[in-house]
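Reviewing the structure listed below.
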Amino acid sequence: MSKLRHIALSVPDPEAAATFFEQAFGMTRAGRAMRGVYMSDGTVNVALLNFGDEPVPGFEKQKNYYGIIHFGVWVDDLEAAGAKVTEAGGAYVTGRKETDPNVFYEVKYSTPEGIVFDMTESGWRGAVKNVTPAEDGAAA
């Protein structure tokens, strides 16, 4: 089963955003990203990214876009998942699977509406693929 484990946000100041995520949500820093900081709640990776003068992928026509860029799904079999996406009306966008097990990679697809998302078999720093669900009746 596919697991939602990654959200990428475009922010003006990744360090300030990281501090906010630490203070407001108790998240921890999972590592440095090429354009910012990876945060984690222990299950999901949140990438806080600043693209500077480069356009934000998917938002090229919007100058200084800040907000959700894409989400990421951790899958068991990238080829099978990609086939399901295209059969459901989605489309391949870019990227490829890496054979190096030490490399994090993302293959981008889009929904029929054009919303971009990543799929990977290797996960993201600070994300955990399988989580034990809370028992019924557990405190919320």
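Tabulated data
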read-out: The stretch 1-36, residues that are farther than 21 Å from V116 by Cβ and among the aliphatic types (A, V, I, L, M); value: M1, A16, A18, A24, M27, A30
read-out: Qualifying residue in the stretch 15-26 (condition: in a loop (DSSP other than H, G, I, E, B) and either surrounded by fewer than 20 Cβ atoms within 10 Å (Cβ to Cβ) or at negative phi (or both)); value: yes
read-out: Elements of type strands (runs of 3 or more DSSP E) in the stretch 56-140, at least 2 residues being at pLDDT 90 or above and either within 21 Å of S40 (Cα to Cα) or within 15 Å of the chain's Cα centre (by Cα) (or both); value: 67-74, 107-110, 116-120
read-out: Scope the stretch 27-36; condition assigned to a strand (DSSP E or B) and crowded, with 18+ Cβ neighbours inside 10 Å; matching residues; value: A30, A33, G36
read-out: Neighbours by Cβ (under 6 Å, 6+ apart or cross-chain): first from the stretch 55-73, over 30 Å from K129 (Cα atoms) and exposed (fewer than 12 other Cβ atoms within 10 Å of the Cβ); second modelled with pLDDT under 95 and not polar (S, T, N, Q); value: none
read-out: Residues (within 28 Å of D13 (Cβ to Cβ) and polar (S, T, N, Q)) located in the stretch 60-98; value: Q62, N64, T94
read-out: Of all residues making up the stretch 1-14, the number that are surrounded by fewer than 20 Cβ atoms within 10 Å (Cβ to Cβ) and without any contact (Cβ under 8 Å) to a residue 60 or more places away in the chain; value: 2
read-out: Residue in the stretch 38-54 that is free of Cβ contacts under 8 Å to residues at least 12 places away in the same chain and either in a loop (DSSP other than H, G, I, E, B) or more than 26 Å from T132 (Cα to Cα) (or both) present; value: yes
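The values are calculated or read from the model by the stated rules, or taken from the named source; none is laboratory data. Keep in mind the model is a prediction, meaning the values are calculated, not measured. Positions of Cβ are generated from backbone atoms using ideal geometry, with glycine treated the same way; all protein chains shown enter the neighbour counts.
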